[in-house]
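The values are calculated or read from the model by the stated rules, or taken from the named source; none is laboratory data. Computed from a predicted model, the values in this text were never measured in an experiment. Here the Cβ is made from the backbone with ideal geometry for all residues, glycine too, and neighbour counts use every protein chain on show.
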Amino acid sequence: MDRPKATTCKYCVRRRVHLRYQEKHKERLKGYWRKYREDNKSDINKRARKLAKDNPERYHDFRQKTYRKKNNIPLDHPFRKNKNGEGNIDVMGYKTITVKGHPNQMDERGRIREHIYVVSNHLNRPLMKGESVHHKNGIRDDNRIENLELWSKSQPAGQRVEDKIAWAKEFLLSYGYKIIES
């Protein structure tokens with residue numbers, strides 16, 4: 001039985017030809033675009049500055065529309081900017097706030113996950129290496145102190161009893177417990 005011949009639209013054919021051409025001449029095109037950007041760098045920046053200066057609402061609106069289209073956000077959805085200290089939810093689902101100068105900050109901008117900040121304030125000290133904060137109910141943006149507990153990831157390296165006892169003593173001393181030898 002003869003099947004009907006598959007037809008391809010003109011757009012797809014042109015696109016396939018264009019992609020083949022780009023693949024074949026990749027290095028030459030890279031050099032061309034690099035040279036174009038270097039030659040027209042000041043001109044490109046001037047055009048962007050002029051557009052932003054002449055009509056800042058339009059320039060901001062263009063950037064906002066591009067972002068929304070890329071991230072599948074409806075264009076009519078109201079735009080809201082976070083206030084200082086309000087924070088936002090990161091990719092992992094944790095609330096991130098900005099507290100400059102905190103010992104547990106994640107980067108030079110001073111960002112810190114809110115649950116770590118809440119526990120360190122509750123303990124009146126920064127978290128030590130090997131400590132983490134656990135959400136009891138599993139909801140990552142529920143940062144009430146009743147929902148958070150401090151976990152320790154440290155463990156002794158050896159398996160001998162003497163090594164484990166020495167590690168346990170050191171661990172208890174680091175958390176302020178007194179050891180009474182008998």
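Filter the stretch 97-124 down to the residues that are touching a His at 6+ places or on another chain (Cβ under 8 Å) and crowded, with 17+ Cβ neighbours inside 10 Å, then identify the one that is farthest from SER174 (Cα to Cα). Reasoning before the result, please.
Our first condition is that a residue be touching a His at 6+ places or on another chain (Cβ under 8 Å); within the stretch 97-124, this holds for 110, 112, 115, 117, 120.
Next cut, crowded, with 17+ Cβ neighbours inside 10 Å only: 112, 115, 117, 120.
Working: ILE112: 24, HIS115: 22, TYR117: 20, SER120: 16 Å.
Result: ILE112.
Quick test of your reading of the structure: ASP163 fulfils all but one of (1) of a type outside the set (S, T, N, Q); (2) modelled with pLDDT of 85 or more; (3) surrounded by 10 or more Cβ atoms within 10 Å (Cβ to Cβ). Name the failing condition by number.
Condition not satisfied by ASP163: (2).
Please enumerate the residues belonging to the stretch 125-139 that are surrounded by fewer than 16 Cβ atoms within 10 Å (Cβ to Cβ) and farther than 12 Å from PRO103 by Cα.
Within the stretch 125-139, GLY130, SER132, HIS134, LYS136, ASN137, GLY138, ILE139 qualify.
Just one of SER154, SER174 is surrounded by 11 or more Cβ atoms within 10 Å (Cβ to Cβ), in contact with a helix residue (DSSP H, G or I) (Cβ under 9 Å, 6 or more places away or on another chain) and not charged (D, E, K, R); which is it?
Sole residue among the options that is surrounded by 11 or more Cβ atoms within 10 Å (Cβ to Cβ), in contact with a helix residue (DSSP H, G or I) (Cβ under 9 Å, 6 or more places away or on another chain) and not charged (D, E, K, R): SER154.
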